[in-house]
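Novice: Shown below is the structure under consideration.
The values are calculated or read from the model by the stated rules, or taken from the named source; none is laboratory data. Please read all numbers here as calculations on a predicted model, not as lab measurements. Backbone-built Cβ (ideal geometry, glycine too); neighbour counts: all protein chains shown.
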Amino acid sequence: MVLFSYLRSVIPINMNPVRVRFAPSPTGPLHIGGLRTALYNYLFARKNNGTFILRIEDTDQSRLVPGADEYIIDSLNWCRIPFDEGPGNEGGYEPYRQSERKNIYRQYAEKLVSAGHAYYAFDSADELEQMRKRLKDAGAKNQQYDSISRMQMKNSITLPEGDVKRRIDAGEPYVIRIKIPSGETVTFKDLIHGTVAIHTFDLDDKVIYKSDGMPTYHLANVVDDYLMKISHVIRGDEWLPSTPLHVLLYRFLGWEDAMPQFAHLPLILRPDGNGKLSKRDGDRLGFPVFPLTWKDPATGEVSEGFRARGYFPEAVMNFIAFLGWNPGTEQELFTREELIDAFSLDSVQKAGARFDNEKAKWFNQQYLHRKTDDELSRMLSPFLPEKKIHYSNDFLKNVCRLMKERVSFPHEIISHGDYFFSAPVISDLKAVEKKIKPGIKSLIEELVNRINRLTVFSSEEIDNMIKGFIAEKNINTAELLPVLRYFITGTSGGPSVHEIMSVLGKNEAVNRLNTGLQLIILP
RNA sequence: GGCCUGUUCGUCUAGUGGUUAGGACGUAUCCCUUUCACGGAUAAAACACGGGUUCGACUCCCGUACGGGCUACCA
């Protein structure tokens, strides 16, 4: 016995293989919170040799947004969170769109009705509103359709059997509501929050089957998780309050033994103030909240995504993995494999995490620094300014080599290093005013001559020549270099002047110096 | 309002009764450097509050405050 339990603890006996699902609703673009839920599900599945499933929860036909489900799949692909089963990737539990599963829910709703755990209700929206108002005015603690108020409503509990049948046969619209038992406490274990208990008095008789013939989330979710043999439900915190309802559904359907384990993830909060992160915050504070650029089909409004802003998918994944989870070590940069290896639901945070754009940028910068010059130069092409000049691959690689330490995003290599692609337009000497002293002009003229005489125009050669020149003339580096830099780049910062010159080539460097020289009036 | 849930530097977090409360981002200063950055170093910066329990609480319990979520024929 002891040996057995020991073995059980060290050898994963997969009585219940891990099967998890990411179940977004295609009502709009997937945002960073949903992305993180998908990531955690994916990491958990990989870590436990399980299966990661994508299921589209489109039971609310009225809220469907065209292109949203495609956007979700595109986003997962960009982030390299591949699903093992899902739309277009059948795994034996298809279909994976709830709208295509429409005909399987009905029988379970009916089963609940015949078992006395659910009932038909014929109340109109108006009647429901009146009921809530009446309860509110009466000072009731809960204004809901429950074990007390249901007795005043039009449903198969209050109406005579014949009447119910007549209404249904006549095609009168109705919904099916769960009959929440009174005076019970529903308890379940959450992998992140621990034991959660709620009294059925605070639960209402939720609609589980709508008058349009579609189930609501609650029923569809439970039925599909059961049918798809889901072992763990990893979802956002917003579902915690309705989990007791789901537990009851498993119980009433006779599936309690197969009920998945629950893990409710903390929400991602906005960077300032309070509340859940939203698209608005991104627009207002100037950072993306969507992985890919999204154009709202209704308004035409475009929201730029992480990809368009120059974020690397691996950086975004690394960053959001750390929003609510921490490996407990001091390592922060994780490859996908390392994340899988280190991930555990036990170390997921309970409290919501604020989105921090500065940290996101830092992660991107770290990943950018680790890219090779070749990788970077290939990424640059879509950002390149007008291609009047043909930029050779070697040239681009050199620009990347010099600029990558100084930027956080690939496109910044071009914006911060614009002088590599076109000569600066210098109209005055104000920026280097203090350096322009008598003698500087002839000094630079002499230097240009020496540059012209250089046979090998390498960074080292240029550097050595300039150093020798400065020593020979007995001047300070700081008296000369800033002026050269200004003539070459039009700015005061950037890589070493000799590096820039060698990448630009002798002709270009000399031209720029001569152009600058013309502005110096002093001898 | 009701229910659920949460609370360690500005932010992300480590910490599971005894620590100088650690790291990272950001900020400041210094070093490196013609410059900008990178890198390195240093600094400021936190246990929401009040009661318990205990020899001893950031750690456990209760309450308060504050935050968040849910409260639809939306998910």
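Novice: Return the residue satisfying two criteria in turn: it lies in the stretch A:211-230 and is among the hydroxyl-bearing types (Ser, Thr, Tyr) and under 14 Å from A:Ala23 (Cβ atoms), and of such residues it is farthest from RNA strand B (Cβ to nearest atom).
Specialist: A:Tyr226
Novice: Working only within the stretch A:83-117, note down all residues that are within 13 Å of RNA strand B (Cβ to nearest atom) and assigned to a strand (DSSP E or B).
Specialist: Hit for the stretch A:83-117 is A:Arg97, nothing else.
Novice: With the checklist (1) at pLDDT 95 or above; (2) within 16 Å of RNA strand B (Cβ to nearest atom); (3) touching a Pro at 6+ places or on another chain (Cβ under 9 Å) in hand, flag the one item A:Gly282 doesn't pass.
Specialist: Only one criterion is unmet by A:Gly282, namely (1).
Novice: Do the conditions hold for A:Val448, that is, is it farther than 23 Å from A:Ile413 by Cβ, in contact with a helix residue (DSSP H, G or I) (Cβ under 6 Å, 6 or more places away or on another chain) and touching a residue at least 60 places away in the same chain (Cβ under 8 Å)?
Specialist: Considered against the rule, which asks whether it is farther than 23 Å from A:Ile413 by Cβ, in contact with a helix residue (DSSP H, G or I) (Cβ under 6 Å, 6 or more places away or on another chain) and touching a residue at least 60 places away in the same chain (Cβ under 8 Å), A:Val448 comes out as yes.
Novice: Next question, about the same structure. Go through the stretch A:173-267 and tell me which strands (runs of 3 or more DSSP E), entirely inside it, have 2 or more residues that are charged (D, E, K, R).
Specialist: A:185-190
Novice: Restricting attention to the stretch A:154-210, which residues are surrounded by fewer than 18 Cβ atoms within 10 Å (Cβ to Cβ), among the small types (Gly, Ala, Ser) and more than 10 Å from RNA strand B (Cβ to nearest atom)?
Specialist: Answer for the stretch A:154-210, where residues must be surrounded by fewer than 18 Cβ atoms within 10 Å (Cβ to Cβ), among the small types (Gly, Ala, Ser) and more than 10 Å from RNA strand B (Cβ to nearest atom): A:Gly162, A:Ala170, A:Gly171, A:Ser182, A:Gly183.
Novice: Given A:Thr329, A:Thr372, A:Thr293, which one is more than 30 Å from A:Phe421 (Cα to Cα) and either of a type outside the set (Phe, Trp, Tyr) or surrounded by fewer than 16 Cβ atoms within 10 Å (Cβ to Cβ) (or both)?
Specialist: A:Thr329
Novice: Of the numbered conditions (1) modelled with pLDDT of 95 or more; (2) near RNA strand B (Cβ under 9 Å from one of its atoms), A:Ser492 fails exactly one; give the number of that condition.
Specialist: (1)
Novice: Please specify each residue of the stretch A:37-80 satisfying the condition of being touching a residue at least 60 places away in the same chain (Cβ under 8 Å) and outside any helix (DSSP H, G or I).
Specialist: A:Gly50, A:Ile53, A:Arg55, A:Glu57, A:Thr59, A:Asp60, A:Val65, A:Pro66, A:Gly67, A:Cys79, A:Arg80
Novice: Report the residue count in the stretch A:132-153 for those that are away from RNA strand B (no atom under 12 Å from the Cβ) and hydroxyl-bearing (Ser, Thr, Tyr).
Specialist: Total meeting the criteria: 1.
Novice: Free of Cβ contacts under 8 Å to residues at least 12 places away in the same chain, out of contact with any Gly (no Cβ under 6 Å at 6 or more places or on another chain) and more than 30 Å from A:Gly92 (Cα to Cα) - does that describe any residue in the stretch A:201-221?
Specialist: No, the stretch A:201-221 contains no residue that is free of Cβ contacts under 8 Å to residues at least 12 places away in the same chain, out of contact with any Gly (no Cβ under 6 Å at 6 or more places or on another chain) and more than 30 Å from A:Gly92 (Cα to Cα).
Novice: Does A:Arg55 qualify as being over 21 Å from A:Asn89 (Cβ atoms), among the basic types (Lys, Arg), within 11 Å of RNA strand B (Cβ to nearest atom) and modelled with pLDDT of 95 or more?
Specialist: In short, no.
Novice: While we're looking at this one, here's another question. I'd like to verify a number: residues in the stretch A:241-263 that are surrounded by fewer than 18 Cβ atoms within 10 Å (Cβ to Cβ) and either within 12 Å of RNA strand B (Cβ to nearest atom) or without any contact (Cβ under 8 Å) to a residue 12 or more places away in the chain (or both), how many?
Specialist: Matching residues across the stretch A:241-263 total 6.
Novice: While we're looking at this one, here's another question. With the structure loaded, tell me whether A:Pro82 is surrounded by fewer than 14 Cβ atoms within 10 Å (Cβ to Cβ) and under 30 Å from A:Val316 (Cβ atoms) or whether it fails that test.
Specialist: So A:Pro82 fits the description; yes.
Novice: Please state which of the following conditions A:Val316 fails to meet, knowing it meets all the rest: (1) surrounded by 19 or more Cβ atoms within 10 Å (Cβ to Cβ); (2) more than 28 Å from A:Glu238 (Cα to Cα); (3) within 20 Å of the chain's Cα centre (by Cα).
Specialist: Only one criterion is unmet by A:Val316, namely (2).
Novice: In the stretch A:456-489, what residues are more than 20 Å from A:Gly439 (Cα to Cα) and within 12 Å of RNA strand B (Cβ to nearest atom)?
Specialist: A:Ser459, A:Ile462, A:Asp463, A:Thr489
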